[in-house]
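A.B. asks: Questions regarding the structure given below will be posed in turn.
The values are calculated or read from the model by the stated rules, or taken from the named source; none is laboratory data. This one's a predicted model, so the numbers in the text were calculated from it and none came from an experiment. Don't worry about glycine lacking a Cβ; one is built from the backbone with ideal geometry, like all the others, and counts go over all protein chains shown.
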Amino acid sequence: MFKIFNIRILFVFMLSITMFTAGAQDIDFSQYFNNPTYFNPAYVGLSTGLKVRLNARKQWTALPGNYNAFSFSADIADRNIPGAGGIGVIATSNTEGVGMIKTSTIGIIPAVRIQINRFSVFQLGALVSVVSRRIDWNNLVFSDQLDPRLGNIGPGSFPKPGSKPIVFPDFSIGGIYQLKLDHVIGTFGIAVHHITQPNQSFLQDVAPLPRKYVAHMDFIIDFQRNRGYYDRIRDFKINPGVLYQMQANMRLLAMGVNAYISHVYFGAWFRNEVFRKNSFTTLTWLVGLDVPFNDNSRMKIMYSFDMNTSRNTNFTGPSHEVSLIFELDNARLIYPKRFGHRKISRNTLECSPF
């Protein structure tokens, strides 16, 4: 009980800093490659078919309280509409501060596609979303409620705001350039989130949500030609990548590599949240399974384990993350035969995801 009490006091201090300095940071997922539209809306419709992703993260398991994050996203590509990349939806939810703050977001993501040549393509995506933030004022403890000898002595004089959540619109934009040469696919992207810096204060103060800048690149290297989905028993691919993220005074650098061998995924990633050379704070291990339903549809199950390597943060404990992904390659918004649209040209660049 005393430990929980101390955590709540610490949370009030952190909350005050957030309100008046706007130092808040978005939630992050270790498997950013399995939740791509969360980091860059231009990923919507980048590859053909329908993609449905569910992501769940349990962070800082050694600390009391629930530091949980959930994400659902779905996007579908359509090459039968000239210039269209696709359309997608995304919904996220996370809890902080011993479960006293809850943030929920829901948005829609359209994307446009520009075919540069047979070997490269550019996509531009935008996220239009609505954010809701709620705080449980009843479980907060303020300084005038504390006595040096008796501890918490009862209600304080702080006027608690209403119980209604604050709601505000939010806008993000991103771009991706993808290049395919022989058995190598390169993807390069940038994104800017919270373009208008909406006010997220629970009080009458102004606390703008800082813009978040994301830059990323990765390569899919296929060491064997695709001989059919069920014939890739010895197929071997690797996917090295790097992501850099900046929001207010926080920096995040993630780099690593994933590998795919005969329907099995595994990978290792370093994450550094202060961007100091040779000072990575987290090591992430990944394992996963690719379960084919048929030649054109599959399910992917991924699990990652984050272990803190810094002595300053190992008291928080490890983090766990699970991703469940469904891919239907033949799904379309508009079918050419039914609506009379022209079929996709064979020269159109189409790259399969990892």
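A.B. asks: Residue under question is Val184, and the condition is that it be at pLDDT below 85 and more than 21 Å from the chain's Cα centre (by Cα); does it hold?
C.D. replies: No.
A.B. asks: Sticking with this one: Between a first residue in region 170-182 that is over 13 Å from Ile116 (Cβ atoms) and free of Cβ contacts under 8 Å to residues at least 40 places away in the same chain and a second residue that is surrounded by fewer than 20 Cβ atoms within 10 Å (Cβ to Cβ) and not hydrophobic (A, V, I, L, M, F, W, C), which pairs have beta carbons less than 6 Å apart while being 6 or more apart in sequence or on different chains?
C.D. replies: none
A.B. asks: List the number of the failed condition for Phe202; all other conditions in (1) of a type in the set (Phe, Trp, Tyr); (2) at pLDDT 95 or above; (3) part of a loop (DSSP other than H, G, I, E, B) hold.
C.D. replies: Going through the list (1) of a type in the set (Phe, Trp, Tyr); (2) at pLDDT 95 or above; (3) part of a loop (DSSP other than H, G, I, E, B), Phe202 breaks only (2).
A.B. asks: Condition first: in contact with a helix residue (DSSP H, G or I) (Cβ under 8 Å, 6 or more places away or on another chain) and polar (S, T, N, Q). Now tell me which residues in region 190-209 satisfy that.
C.D. replies: Ser201
Yes/no per residue for (1) in contact with a Leu (Cβ under 7 Å, 6 or more places away or on another chain); (2) modelled with pLDDT of 90 or more; (3) part of a strand (DSSP E or B):
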residue	(1), (2), (3)
Ile233	no, no, no
Lys237	no, yes, yes
Leu243	no, yes, yes
Met246	no, yes, yes
Ala254	yes, yes, yes
Val257	no, yes, yes
Tyr260	no, yes, yes
Arg276	no, no, no
Ser279	no, no, no
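A.B. asks: Which of the residues belonging to region 87-106 are touching a Leu at 6+ places or on another chain (Cβ under 8 Å) and either surrounded by fewer than 17 Cβ atoms within 10 Å (Cβ to Cβ) or under 16 Å from Lys51 (Cα atoms) (or both)?
C.D. replies: Ile87, Ile90 - these are the residues of region 87-106 that are touching a Leu at 6+ places or on another chain (Cβ under 8 Å) and either surrounded by fewer than 17 Cβ atoms within 10 Å (Cβ to Cβ) or under 16 Å from Lys51 (Cα atoms) (or both).
A.B. asks: How many residues does region 53-92 hold that are assigned to a strand (DSSP E or B) and among the polar types (S, T, N, Q)?
C.D. replies: Counting residues in region 53-92 that are assigned to a strand (DSSP E or B) and among the polar types (S, T, N, Q) gives 5.
A.B. asks: Go through (1) buried (at least 17 other Cβ atoms within 10 Å of the Cβ); (2) modelled with pLDDT of 95 or more one by one and return the number of the condition Leu209 breaks.
C.D. replies: Among (1) buried (at least 17 other Cβ atoms within 10 Å of the Cβ); (2) modelled with pLDDT of 95 or more, the lone unmet condition for Leu209 is (2).
A.B. asks: Let me ask something else. Please find, within region 295-311, the residue that is surrounded by the fewest Cβ atoms within 10 Å (Cβ to Cβ) out of those that are out of contact with any Ser or Thr (no Cβ under 9 Å at 6 or more places or on another chain) and under 21 Å from Phe354 (Cα atoms).
C.D. replies: The residue in question is Asp295.
A.B. asks: Does Ile173 satisfy the condition of being assigned to a loop (DSSP other than H, G, I, E, B) and at pLDDT 95 or above?
C.D. replies: So Ile173 fails the test.
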